[in-house]
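See below for the structure under consideration.
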Amino acid sequence: MSARQVAEQVLDPELPVLTLADLGVLREVSEVGDRVVVTITPTYSGCPALDEMRSDLHEKLTEAGYRDVEIRTVLHPAWTTDWISDDGLRKLTEHGIAPPSRIGPRAVGPIPLTLEPPKRRVSCPHCGSARTTELSRFGSTACKALRRCEDCREPFEQIKEI
Amino acid sequence: MSFDNAYESLVEGHEEKHWAFGTGFTHALSGVDRAISSTVDRDDLAAYCLMLGDDALVYAQRLAEWCAKAPELEEDVALANIALDLLGQARMLLSRAGEIQGTDEDALAYLRDSSEFRNVHLAEIDCGPGPGGDFATTMARLLVFSAWRLALLHRLTGSADPVLAAVAAKGVKELTYHRDHAAQWVLRLAGGTDYSRERMVAGLAVVWPHLDELFTAHPIEHRLAEAGVAVDPAELRSEVDSVLDTVLGAAGLTRPDVASVPGGGRGGVHTEAMAPLLAEMQVVARALPGGVW
Ligand SMILES: [Zn+2]
């Protein structure tokens, strides 16, 4: 397996249904002989999973026979949920986590205030109903919001757009 | 195995890293290109990173005090998440300062005394759950702090220092959520019962006297702003005022009619709330110097 293939298959420690490639945090893998340089970017500034990702990458690449493994971090450009692959969005839904909407580039100028929870259409990952409400913008990890389905009444998590 | 206190087990030579906060983490800017342009004054840059890092660190500590004390479980989680975002920003900024000054983020966080901290007073004052406030006061501070820091970091994305610009760009996305969260609570409390509205009005009056300090530039901020590295906080005033007026207007509230109090946090002068805050934040690290967990 190439170093890229090994790195792409490492799972996100907090969302183990996604690979680092699905999540869009794997920015570059370069390989020269048995030396590999992997570049990743954090999701949130305080994301405690970053250290875990670094050591998982190091471990898997070393196991695959690469002797000289360097993991670099880039902060720019800042990660966005738009970098989660289509495959990643599908896997999230399959595992009961509502995927983020695509947000596109932000308009220039001051950042607009949102005075009430945005009326985004988020479908329930359990029953597919579109009648869901946000319970809290902040969930069990920095990247998730908590919602509830008005039809099947189940609470569920959503990866919030950033 | 027996220990006189629970923390002693943390400094034993375990192979596994412990979950607790503290040393043993990778450098917060590990693997990031941290070259400093030769045109930038290194001491000024370190001091500026400390200012913005201390704002985030000290305020994260205040927010963490709410954990398990907020009015609902979702709010415990929300405030802890907001604190974690700020702590992440603080780690990167303190690491940057530490690297220039020949120390590290842990020493800066745990071993400095009050007069060495450079945060603004708004970050340190007691807005509850201590006797200094309540949940409404806490939301008033979150609104003012996040509106101000968002405006600041938004402009800092154009900094000539690539690390500051990148830290700012990530922070902008996070603070947008923090500011919205506070704004929505201000509306909810102001539009609730007479009692909740009264508490919201009282909360705003607690934080408002600290507003002027946010827009007062320290000489280092001045110098670095001229070099295109920092943001002159005075330039943020109209944008922040307009955000605050929008929220207050939507909530049917007016600006509190209270006098400003002297600032000085950027120069190391702090309120009486700072010493107890640091005592709690630093107690473990100071009780067990060199402890690794
Ligand atoms: Zn449902």
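Hey, what do the phi angles of the stretch A:9-23 turn into as Karplus ³J(HN,Hα) couplings, whole Hz, using 6.51/-1.76/1.60 and θ = phi - 60°, x for Gly and Pro?
8, 5, 8, 5, x, 8, 10, x, 7, 10, 7, 4, 5, 4, 6
What's the exposure ranking of A:Phe138, B:Phe145, B:Phe215, going from fewest to most Cβ atoms within 10 Å?
Result, fewest neighbours first: B:Phe215, A:Phe138, B:Phe145.
What is the distance, in nm, between label points placed 7 Å from the Cα along the Cα-to-Cβ direction at A:Asp87 and at A:Glu28?
2.3 nm
Strictly over 24 Å apart at the Cα level, which of A:Lys144/B:Lys173; A:Lys60/B:Lys170; A:Lys119/B:Lys69; A:Lys91/B:Lys170; A:Lys160/B:Lys170; A:Lys91/A:Lys160 would you flag in this model?
Beyond 24 Å: A:Lys60/B:Lys170; A:Lys119/B:Lys69; A:Lys91/B:Lys170.
Across bins of 10 angstrom width beginning at 0, how are the C-alpha pair distances of the protein assembly as shown distributed, in whole percent?
All Cα pairs considered, the percentages come to 4, 19, 30, 27, 16, 4, 0, 0.
Provide A:Lys91, A:Lys160, A:Lys119 in ascending order of the number of other Cβ atoms located within 10 Å of each residue's Cβ, fewest first.
Listed from fewest to most nearby Cβ atoms, that is A:Lys119, A:Lys91, A:Lys160.
Compute the helix-to-body angle for A:49-63: its Cα long axis versus the longest principal axis of chain A, expressed 0 to 90° and rounded to tens.
Value to nearest ten degrees: 40.
Considering only DSSP beta bridges with both partners in the stretch A:3-73, what is the antiparallel share in %, to the nearest 5?
55 percent
Taking θ = phi - 60°, what integer Hz values does the Karplus form 6.51 cos²θ - 1.76 cosθ + 1.60 yield along the stretch B:140-149, in sequence order, with x for Gly and Pro?
With coefficients 6.51, -1.76 and 1.60, one gets 5, 5, 4, 5, 5, 4, 6, 5, 5, 5 Hz.
Applying 1/(1 + (r/R0)^6) with R0 = 35 Å to the Cβ-Cβ distance of B:Glu226 and B:Thr246, what FRET efficiency is obtained, to the nearest 0.05?
E(calc), rounded to 0.05, equals 0.65.
Using alpha carbons only, what's the Rg to Rh ratio of the stretch A:3-73 with Rh from Kirkwood?
The Rg/Rh ratio comes out at 0.94.
Please compute the Cα-Cα pair-distance distribution of the stretch B:38-287 with 5 Å bins starting at 0, giving whole percents from short to long.
Over the stretch B:38-287, the share of Cα pairs per 5 Å bin runs 1, 7, 14, 19, 20, 17, 12, 6, 3, 1, 0, 0 percent.
In peptide A:43-56, what is the residue-averaged number of other protein chain Cβ atoms found within 10 Å of each Cβ?
5
Could you go through the stretch B:203-220 in sequence order and give the Karplus-derived ³J(HN,Hα) for each residue, using 6.51 cos²θ - 1.76 cosθ + 1.60 with θ = phi - 60°, rounded to whole Hz, and x for Gly and Pro?
x, 4, 5, 6, 8, 4, x, 9, 5, 4, 4, 5, 10, 9, 7, 7, x, 5
Once you have the Cα-Cα distance between B:Val284 and B:Arg42, take 0.36 nm times their residue separation minus that, and quote the gain in nm to one decimal.
In short, 84.0 nm is gained.
Going by amide H atoms built from the backbone, whose H comes under 5 Å of the H on B:Val120, apart from near neighbours?
HN-HN under 5 Å from B:Val120: B:Asp55.
Sum up the charges of everything whose Cβ sits under 11 Å from the Cβ of A:Ala49, counting Lys and Arg as +1 and Asp and Glu as -1, but leave A:Ala49 out.
Spelling it out: positives minus negatives among the neighbours equals -4.
Arrange the following residues from fewest to most other Cβ atoms within 10 Å of their Cβ: A:Glu31, A:Glu63, B:Glu221.
Lowest to highest Cβ neighbour count: A:Glu63, A:Glu31, B:Glu221.
Once amide H atoms are placed 1.01 Å from N in the peptide plane, what residues at a sequence separation of 5 or more from B:Trp66, or on another chain, have their amide H within under 5 Å of its amide H?
Answer set, sorted by chain and number: none.
Net charge around A:Glu157, counting only other residues with Cβ within less than 9 Å of its Cβ (Lys, Arg = +1; Asp, Glu = -1)?
Surrounding charge for A:Glu157 is +2.
Shielding of B:173-183 by partners, i.e. mean partner chain Cβ atoms within 10 Å per residue?
5
Could you compute the net charge surrounding B:Thr254? Neighbours are other residues with a C-beta less than 15 Å from the C-beta of B:Thr254; K and R count +1, D and E count -1.
After counting each charged neighbour, the total is -2.
Expressed as a rounded percentage, what relative contact order does the stretch B:67-196 have, with Cα pairs under 8 Å and six or more residues apart?
20 percent
Only the coordinates and a few stated rules stand behind these numbers; no lab work does. Only a predicted model underlies this, so the values are computations on that prediction, with no experimental measurement involved. No Cβ is skipped: glycine too gets one built from the backbone with ideal geometry, and neighbour counts run over all protein chains shown.
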